[in-house]
1. Quick one: what pairs do we get from region B:152-170, first residue within 14 Å of chain A (Cβ to nearest Cβ), second of a type in the set (Gly, Ala, Ser) and not in a helix (DSSP H, G or I), C-beta under 7 Å, 6+ apart or different chains?
2. Restricting to region A:141-159, name every residue that is within 14 Å of chain B (Cβ to nearest Cβ) and touching a residue at least 12 places away in the same chain (Cβ under 8 Å).
3. I need every pair where a residue in region B:304-329 that is under 21 Å from B:ARG207 (Cβ atoms) has its Cβ under 7 Å from the Cβ of a residue that is at pLDDT 90 or above and of a type in the set (D, E, K, R), sequence separation at least 6 or different chains.
4. Out of region B:297-339, which residues are in contact with a helix residue (DSSP H, G or I) (Cβ under 8 Å, 6 or more places away or on another chain) and either on the phi > 0 side of the Ramachandran plot or part of a loop (DSSP other than H, G, I, E, B) (or both)?
5. Would you point out which residue out of B:GLU146, B:GLU197 is acidic (Asp, Glu) and either assigned to a loop (DSSP other than H, G, I, E, B) or open to solvent by less than 20 Å² (accessible area, probe 1.4 Å) (or both)?
6. Looking only at region A:74-90, which residues are open to solvent by 30 Å² or more (accessible area, probe 1.4 Å) and assigned to a helix (DSSP H, G or I)?
7. Taking region A:179-212, which residues are open to solvent by 70 Å² or more (accessible area, probe 1.4 Å), in contact (Cβ under 8 Å) with a residue 60 or more places away in the chain and part of a helix (DSSP H, G or I)?
8. When residues of region A:102-116 are filtered for being of a type in the set (Gly, Ala, Ser) and either closer than 13 Å to A:VAL41 by Cα or modelled with pLDDT under 95 (or both), how many remain?
Amino acid sequence: MSWDQMAPLLADAFGQTMYMVLSAMVVGGVFGLIMGIGLYVSRAGNLMASRTTFAIINVAVNIVRPIPFIIFITAIAPLTDLVVGRRIGIGAVTFAMCVMTSFVFARIVEQNLVTIDPGVIEAARAMGASPWRIIRTVLIPEALTPLILGYTFLFIGVLDMSAMAGYLGGGGLGDFAIVYGYQQYDWRVTYGVVLIIIVIAQLVQLLGNTLARRMQRR
Amino acid sequence: MPAMTSTTDRTDPTAGPGVSAGEPIIRFGDATKVFRSGGEVRAVDGVTLDILAGEIFGVIGYSGAGKSTLVRLINALEIATSGTVEVDGTVLTGLGESRLRPVRSRIGMIFQQFNLMSSRTVASNVAYPLRVAGWPREKRAARVAELLEFVGISDKARAYPARLSGGQKQRVGIARALAANPRILLADESTSALDPETTQEVLALLRRVNRELGITVVIITHEMDVVRTTCDRVAVMEHGKVVEVGDVYRVFAEPGHDVTRRFVATALRDRPSSDVVARLRARHAGRIVTVGVDEAAGSSARLTRTLRAHGVDGTVVYGGITEVAERPYGSLTFELVGDEAAVEAAVDEFRSYTDLVDLGTAAAPREVPSVVRPRDDQAPDGDAHPGGTGEGSVGRPDRRGPDSGPLGGTGTNR
């Protein structure tokens, strides 16, 4: 295949990857943050300690996270059908990515919140702040640097996830590398696409590090 | 010092709906706090205690004695398992979480590890309680400037806590605790992470907070020196119970409990032990006496006059004078040399106005009584702090009980 034929296909693949990854980052970022904060505050002795809430989120995270993503996509197909209306295609795999990303990020958020000095939270409580206010004005700002780095780390994982999702009907760069590179024995295409993915990952990591450094007040 | 009332409509903390100075502002009624995690721990066990408005109250105990839990019952960071806790006329026990929040915002708290928010500037940290209390922006800014000036770190307003020294961080902590005009300030081991010099600065600041703003201060500490230099009254805790409570001067003079005696010993190391006496006798042939020194009974000037009047040479061979509750307190051990009758007369005169332990001479030693009874009739009454400075200052409770005396203890030597 010539470059002229390949270029528009590659552009499409790039667009599909961006669609999947950004959707998962936004949706998974929001739900992951909520679940992660939920895990942290519901833990025994914490701000809104609740054995039941903690157990539910914790077990869910522990069950979902270790499932290989390629199996996870088929495992939640019935749910995908219910929400998206179909079991294959970019919409369906993007849904699966959003769910997986939420659970993965939940644990990252929780682990970063644990690093906050509990004394700071106690001080805010002593000043009469409500739990919701403490979450907004103490927990998140105090953990912002590790949260940004964790979110950046998440991006690389999601990019990897998108390659697998693409192969199962999502399209995207991963799919492109396999179909037009690997299966055609065209190593230039394979490595070319891999190079694009590496560049994206590098740029995002650079952005994350820069942001995190700006937030760092030490 | 900047007038703390100039730019805000701060209400006089000694007025208002709450109790007035000298009356109980914090009352524990058989308060008990049990922690159930694994085993059952009675962190606070049946404490009944009144802390008076306008005083600096110390709570001392070894770690694990329950003092941190006790102070957290005051601002309801912990809720008593049984018994009652009443703060400024409000019974906290039984109040729901949302009803407790306004109570907490009227009580400032500072911490051993300062607990400043690292993501906020100094000014923003100090403004935090004001945001919680819903102050408008302009009033917040004015109040923060005023507070930073009060604690002496105006130049650090825009710095982040990580750039500050320990002492500066605790000043920020104090400014933050004072922001919302509390009537009570709780200090939880607030100087334990600081070096001795910074400790003194922070304690001086707490005394100013108490005197100039009339705020009741509760100090949790394991250092008797903090109590000695700063507090009016003290409670000694062990195993969740208050084993002794009283005026600092009285507690130093007559510790009534073993734990108290151990704490007092850490702060006053000026009475010769029997080993020391043995060495003193080896070095000094003359008559050795230990006399109590305090501002009323036996000032060092008065001791000197007595020696001069009888023509006796007195050499200080041991001891020292320190301050307890801001008053001179200590003991001096003299070697008295001179005509035997004159020495006897000087000793008698000492006895007439202060406590004295006669250790005899190397040739004719006297046994060292383990403890010495202070005199009853010499201690004066009256306010140790005449004419408090600044507005909002309140009369302080009398620091001194009638039984106080520098040699302390419960023995007799009259």
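1. B:TYR160/B:SER118; B:PRO161/B:SER118; B:ALA162/B:SER118; B:GLN170/B:SER190
2. Of everything in region A:141-159, those that are within 14 Å of chain B (Cβ to nearest Cβ) and touching a residue at least 12 places away in the same chain (Cβ under 8 Å) turn out to be A:GLU142, A:ALA143, A:LEU144, A:THR145, A:PRO146, A:LEU147, A:ILE148.
3. If the second residue must be at pLDDT 90 or above and of a type in the set (D, E, K, R), the pairs left are B:ALA325/B:ASP232.
4. If the condition is that a residue be in contact with a helix residue (DSSP H, G or I) (Cβ under 8 Å, 6 or more places away or on another chain) and either on the phi > 0 side of the Ramachandran plot or part of a loop (DSSP other than H, G, I, E, B) (or both), then B:ALA297, B:GLY298, B:GLY311, B:VAL312, B:ALA325, B:GLU326, B:GLY338 are the ones that fit.
5. Checking each option against the conditions leaves just B:GLU146.
6. If the condition is that a residue be open to solvent by 30 Å² or more (accessible area, probe 1.4 Å) and assigned to a helix (DSSP H, G or I), then A:THR74, A:ALA75, A:PRO78, A:LEU79, A:ASP81, A:LEU82, A:VAL83, A:VAL84, A:ILE90 are the ones that fit.
7. A:LEU211
8. Looking only at that region, the number is 1.
The values are calculated or read from the model by the stated rules, or taken from the named source; none is laboratory data. Keep in mind that this is a model prediction, so the values were computed, not measured. All Cβ positions, even for glycine, are placed from backbone atoms using ideal geometry, and neighbour counts span all protein chains on display. Areas reflect the complete protein model, heavy atoms only, side chains present, ligands, DNA and RNA absent. Shrake-Rupley method; radii C 1.70, N 1.55, O 1.52, S 1.80 Å.
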